[in-house]
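Worksheet: the structure to be examined is printed underneath.
Just so it is clear, none of the values below were taken in a lab; they were calculated from the coordinates. From a predicted model like this one, the values you see are computed outputs, not experimental measurements. So basically every Cβ, Gly included, is an ideal-geometry build from the backbone, and we count neighbours across all protein chains shown.
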Ligand SMILES: Cc1ncc(COP(=O)(O)O)c(C=O)c1O
């Protein structure tokens, strides 16, 4: 599906008929072509049970892996399907081998799931350094905390609560100089802006599918660079190379990406994800330019109205956070007007995807100003 104009895509999104939907950093509506992929499969299972399942799984789900891999510049055998981002971070936390006094560098702007899994490593003497930072000195603050004991740097590509798009390559360079690995949470960037994991140089990249990738909850993936975590932290029947022998007395560790998929995968959700990845890949340039145009439009408009913008204008993707006095009340009032955004931290998070319009952004900013005047 090649789009000439981002707005053409609105006919695939019933949400646009009623709502000004600017909440893709929370949950995206699933576009109809992706929804139909899941529906087609579930309908087949309803009619033909295991026959349909076996057909879909025949190629070891490489038809799904390859579409995800294509979107992020990875090889299909580096993509494993996982139920959510948190699971992926845990795979890394418990899949790497740690030594006492190893440290992990992360920061106080992260979504909790980038930090919490590592706290469980305290028992092994591993230290978690949650660097206090801000969207303006982020890279410098992270880099100055990397040292010879740093085993892993765990950060998000785009910050969920400030909208900062991190200069990942700078951080990867400093990590490499100290023999540290880099984990990148890409749930707030994949689908909104171009990503190439090889160019970025990261070792692990993880995303659930339900935000900018416009796919159902339960879909998601982890990219693990070839050669890393060959022995996964958890074993299940699908971790075995000969899993279809169903022999509890024989276990040969699987080498491919199935090694992280301990049991049955949510095929329907991930078929949707593969379809969304296909659509996004075909239109990546148009999508990225529309996403970054709309986020800049929102920032400029907010600034023109003397609003304080938390997101750095020069380092953004699709998230824009504008400061308001009572974020939760403002978001509630906006919903009454069928405008969907999220309150985050000290502000309102506006997250426009490529199919949104300038008019929708303008209406939202004007309503925020009106509500602020009423509430304060
Ligand atoms: C940066 C980031 N990581 C992860 C998540 C969600 O994690 P999960 O996919 O495990 O629900 C969010 C959700 O808002 C997020 O913003």
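Just check segment 248-314 against the gyration tensor rule for me: Cα atoms, a ≥ b ≥ c as the square roots of the eigenvalues, rounded for a/c under 1.5, and otherwise prolate or oblate depending on whether a/b exceeds b/c. Provide the component values of the computation, followed by the final result.
Details: a/c = 4.14, a/b = 2.74, b/c = 1.51.
Here segment 248-314 falls in the prolate category.
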Would you work out if segment 23-107 is rounded, prolate or oblate? Take a ≥ b ≥ c from the square roots of the eigenvalues of the alpha-carbon gyration tensor; rounded if a/c is under 1.5, else prolate when a/b is larger than b/c, oblate otherwise. prolate
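Quickly estimate the mean residue ellipticity at 222 nm for the chain, helices only: each DSSP H run with n ≥ 4 gives -39500 (n - 2.57), and the total goes over all residues, rounded to 500. Before the final figure, lay out each step's value.
Numbers: 12 runs with 140 residues, N = 376.
After summing the helix terms and dividing by the residues of the chain, the value is -11500 deg cm²/dmol.
Antiparallel as a % of all DSSP beta bridges within the chain, to the nearest 5? Write down the numbers at each step before the final one.
Numbers: 20 of 41 bridges.
Within the chain, antiparallel bridges account for around 50 percent of the total.
What FRET efficiency, computed as 1/(1 + (r/R0)^6) with R0 = 35 Å and r the Cβ-Cβ distance, is obtained for residue 306 and residue 1, rounded to the nearest 0.05?
Working: r = 41 Å, r/R0 = 1.17.
That gives a FRET efficiency of 0.30.
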Yeah, segment 1-158 with a ≥ b ≥ c from its alpha-carbon gyration tensor (a/c under 1.5 is rounded, else prolate when a/b outruns b/c, oblate otherwise) is oblate
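Note down, for segment 34-281, the three equivalent ellipsoid semi-axes (square root of 5 times each alpha carbon gyration tensor eigenvalue), biggest first, whole angstrom.
Semi-axes (√(5λ), whole Å): 32, 22, 14.
At R0 = 25 Å, how high is the FRET efficiency between residue 282 and residue 255 if r is their beta carbon distance? Nearest 0.05 is fine.
The formula returns an efficiency of 0.20 here.
Full-extension gain between residue 196 and residue 226, please, as 0.36 nm times their residue separation minus the C-alpha to C-alpha distance.
Values: separation 30, 0.36 × 30 = 10.80 nm, distance 1.50 nm.
Answer, rounded to one decimal: 9.3 nm.
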Pairs of Cα atoms under 8 Å, at least six residues apart: use those to get the relative contact order of segment 1-144, whole percent. 13 percent
I need the peptides 355-365, 298-308 ranked by packing, meaning the mean over residues of other C-beta atoms within 10 angstrom, with the highest value on top. 355-365, 298-308
Within segment 140-178, list the residues whose amide N lies under 17 Å from a label point set 7 Å along Cα→Cβ of residue 99. 147-153, 176-178
Full extension between residue 58 and residue 39 adds, at 0.36 nm per residue less the Cα distance, a length in nm of 4.9 nm
